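Values in this text are rule-based calculations from the coordinates and carry no lab data. Quick caveat, the model's predicted, so the values are computed rather than measured. Neighbour counts are summed over all protein chains in view; Cβ atoms, including those assigned to glycine, are modelled from backbone coordinates with ideal geometry.
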Amino acid sequence: MPPRVPRNIHQASASYLVWLRGHIPLLNADLKLKSVHMREDPFKFLRATFYRWAQIFPQVCPTLMDAKEVLGVGDLHVENFGTWRDAEGRLVWGVNDFDETARVPYTVDLVRLTASAMLAQSDGQLHLAAHDVARSILTGYVAALKSGGAPIILAEDHVELRAMAAHRLRDPGIFWRKLEGALEWRDTIPSAVRKVLRKALPSKRLPFRVLHRSAGLGSLGRRRFTVVGEWDGAKIAREAKELAPSAWRLSGVTGGTDKILYAQILKKAIRCPDPFLMVKGKWVFRRLAPDCSRIELSSLPQEHDAELLLESMGWETANIHLGSASAKALLSDLKKRKAKWLETASDAMVNATCKDWKSWKS
C-alpha cells in the first residue's frame, strides 16, 4: 500500500526524518542548520525539501504522471550543475549530484528544474523574464533529444557557457579558505570509508585532516567526511558522502524502490565521466577542487546569458534521460502535451512550494 501523504509541511518533514533515520544516521546540528536555511527564501526551501516535492507533485500535476518513465535526477534544480575534469583533463559541465535518483516520469525533472529557475528569477538571481524560463529549458531539452544528446565539454565549443563557469575560478583561494573553515571531524569514521579516502589520495603517506563540511541543502544532515591535505605544494581534497534511497519512495506512487540508483544513472547517462567520482555501497566519493564543484548562481558574472544557461540545463537533462529512454519515445510524449504545459505545471508547483515555505517560515 502506498504511504499516506502528510497534510502539511511540518508533518511531512517529521515523517521524512523518521523514514530517513531508518536508513542512515543523521547529524542533529546539521538538521537544525537546514531548518534555518529553509526559512530564508523559497528557492532554498525548494532545494531542501525534495521529499515534499515527491509527495505533492502527483496531486498538483496529476496529468503529468502518465509521462514516459526515466531514470531521473529527482532533485533537479538550477544549482545542481557544476564542473569537473574528465580523464583528459578537459573541463566538463553538467549535473553534479544524483542523491535522489529514482525512476520517475520525465516530467518530474523538467518541472522541478523550471520551478527552481522561476524562483531564482523572482529573487533576481537569473536575468530572464519569467515566461521565457520554461521555453528556454524545453528548447534545450528537445534539441538534445533530436540530436541524440552529447556531453557538454567546455573546450573548443560552448565559449559563453565556459566563461560563466570559469568566472568563479579566478580566485581559487576563496574555495580553499571556505573549505578549511570547516570544523575538524571528532567522531569515528567507518574504517571502509577511511580506507577508500586514503586510497583516493595521490600518496599513501600523505598527511591529511578530516573535516566536517556542512554543504548542500537536500543532503544536509547526512554524514560527510572531507579530507584535506597538501601535495607537491598545493592543496587537495577528497570527500565521502553517505547515500540513502530516494525520497521519491514517499510520493505515494506504487513501484518505488529502496535501492540506491546513483551508480546506475552515472553509468547509463550520456556523460563524460569524472574519473574521481565513484559509488561504493552507501557512499559516494569524489574529488573537491575549485574546478570540480557545484556552481552557485551567486558565483555567475553579473551580466550572464540566462537563456543560454537554461537551454544548456535542458540539454543536460536530456543527456540524463536518454540513458534510460529513447529519444523517439520522449519526443512522442512531448508532442501530446498541451502548449505551455511546462510553464503551467511549474507555476502550480511554485505556488504549492511557496505555500509550504510560508507555513514553515511562520
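List of remarks:
- In summary, the aspartates and glutamates within cross-link reach of Lys204, defined as a Cα separation below 13 angstrom excluding same-chain residues under 8 places away, comprise Glu230.
- Charged-residue dipole, Cβ positions (Lys, Arg, Asp, Glu), the chain about Cα centre, Debye nearest 20: 1540
- Near Ala134: Cβ cut-off under 15 Å, other residues only, Lys/Arg at +1 and Asp/Glu at -1. The net charge is -1.
- Potential lengthening between Asp86 and Thr63 on full extension [0.36 nm per residue; Cα-Cα distance subtracted]: 4.3 nm
- Entry note, the chain: the mean residue ellipticity at 222 nm calculated from DSSP H runs of n ≥ 4, each adding -39500 (n - 2.57), is -14000 deg cm²/dmol after division by the residues and rounding to the nearest 500.
- Partner lysines for Lys338 [C-alpha distance under 25 Å; skip if fewer than 8 residues away on the same chain]: Lys68, Lys146, Lys328
- Computed FRET value (nearest 0.05) for His127 with Ile24, which takes r as the C-beta separation and R₀ as 41 Å: 0.60
- Region 2-77: trypsin sites (Lys or Arg not before Pro) in DSSP loop, at most 13 other beta carbons within 10 Å: Arg4, Arg7
- Candidate lysines for bridging to Lys282, where Cα separation is under 20 Å - those fewer than 8 sequence places away on the same chain excluded: Lys195, Lys199, Lys241, Lys259, Lys267, Lys268
- Kirkwood Rh in Å, taken over all unlike Cα pairs in the chain: 20.9
- Helices assigned as whole DSSP H runs in the chain whose Cα atoms extend at least 20 Å along their own long axis and whose mean Kyte-Doolittle hydropathy is -1.0 or higher are found at 106-122, 130-147, 306-321, 341-361.
- Most positive-pole-ward Cα, Thr344, Ala67, Thr49, against dipole of the chain from beta carbon charges: Thr49
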